[in-house]
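In what follows, a single structure is set out as structure tokens and then discussed.
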Amino acid sequence: MNSFDSEYAIEGLKALGSVDLKAKVVYLTRNPLDRKISNMRHELGKQAQKDLPAHCEVDDVECKKRHSAAAGVGVTLPTGKALTHWLNVTTWNDAKVGAILREAGVDYVQVSYEQLYNADNADEWMKIFRFLRVGPMEDLTVDDVRATFNLASTHSKGRNETVTNFIGVENTLKGTEFEHLLYD
């Protein structure tokens, strides 16, 4: 967060918010647990196979096989105070980005990774298109969207299958403001 919250970054955002530029920003957020899991999986994949790319082209069967083989390795998340502290900091940083964009007068829309890539509809995509005033703004289907993807999904397991200490994470988050992150 330090680089985003620096004097130079703020001045740059203020310039984006100026009337002359008319820039638009799409601010993509993601469930922080999923973001951490994804980052950890990419790191583990690199350790296991140095040349394993982060993503695969849709028609790259060999790459998808290699990712599938690497997917068997689970990740271990922190638990207890370490996890709740990390989530507090992460969610605060996410909120801070939105606040900085608003304060700088930047024209932006906030969208959810989960709604873009996991939803059964294309509403979040149309939200972006309407905001940018380009592309299909109505009657877009999730099948239409997925047909344009050039990268394949490299992971489809649930958190309970991916996180080796899921029960400990679940016990830590039960009854907290972050519990929903396990099931959203």
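The values are calculated or read from the model by the stated rules, or taken from the named source; none is laboratory data. Keep in mind that this is a model prediction, so the values were computed, not measured. Note: ideal-geometry Cβ built from the backbone for every residue, glycine included; neighbour counts use all protein chains shown. To get the accessible areas, we keep the full protein, side chains included, count just its heavy atoms, and leave off ligands, DNA and RNA. Shrake-Rupley method; radii C 1.70, N 1.55, O 1.52, S 1.80 Å.
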Among the residues of segment 48-60, is there at least one that is surrounded by fewer than 14 Cβ atoms within 10 Å (Cβ to Cβ), in contact with a Ser or Thr (Cβ under 9 Å, 6 or more places away or on another chain), outside any strand (DSSP E or B) and basic (Lys, Arg)?
no
For the structure I just gave you, tell me whether Glu161 is of a type in the set (D, E, K, R) and either touching a Pro at 6+ places or on another chain (Cβ under 6 Å) or at pLDDT 95 or above (or both).
no
Of the candidates Lys81, Lys64, the one satisfying the condition of being at negative phi, among the basic types (Lys, Arg), open to solvent by 50 Å² or more (accessible area, probe 1.4 Å) and modelled with pLDDT under 95 is Lys64
Taking the residues in segment 93-144 that are in a loop (DSSP other than H, G, I, E, B) and of a type in the set (A, V, I, L, M, F, W, C) as candidates, determine which candidate is nearest to Arg35 (Cα to Cα).
Ala119
Test set (1) of a type in the set (Phe, Trp, Tyr); (2) modelled with pLDDT of 85 or more; (3) exposed (fewer than 13 other Cβ atoms within 10 Å of the Cβ) - Tyr8 fails condition number:
(2)
Residue count, segment 145-184, condition surrounded by 12 or more Cβ atoms within 10 Å (Cβ to Cβ) and assigned to a loop (DSSP other than H, G, I, E, B), comes to 9
From Val73, Val145, Val58, Val109, residue being at pLDDT below 95 and under 18 Å from the mean Cα position of the chain (by Cα):
Val145
I'd like to verify a number: residues in segment 105-120 that are open to solvent by 60 Å² or more (accessible area, probe 1.4 Å) and over 15 Å from Lys24 (Cα atoms), how many?
5
State which residue pairs qualify: first residue within 18 Å of Thr162 (Cβ to Cβ) and inside segment 77-96, second residue part of a helix (DSSP H, G or I) and aliphatic (A, V, I, L, M) in any location, beta carbons under 7 Å apart, and separation of 6 or more residues or different chains.
Leu77/Leu83; Leu77/Val169; Thr79/Val169; Leu83/Val169
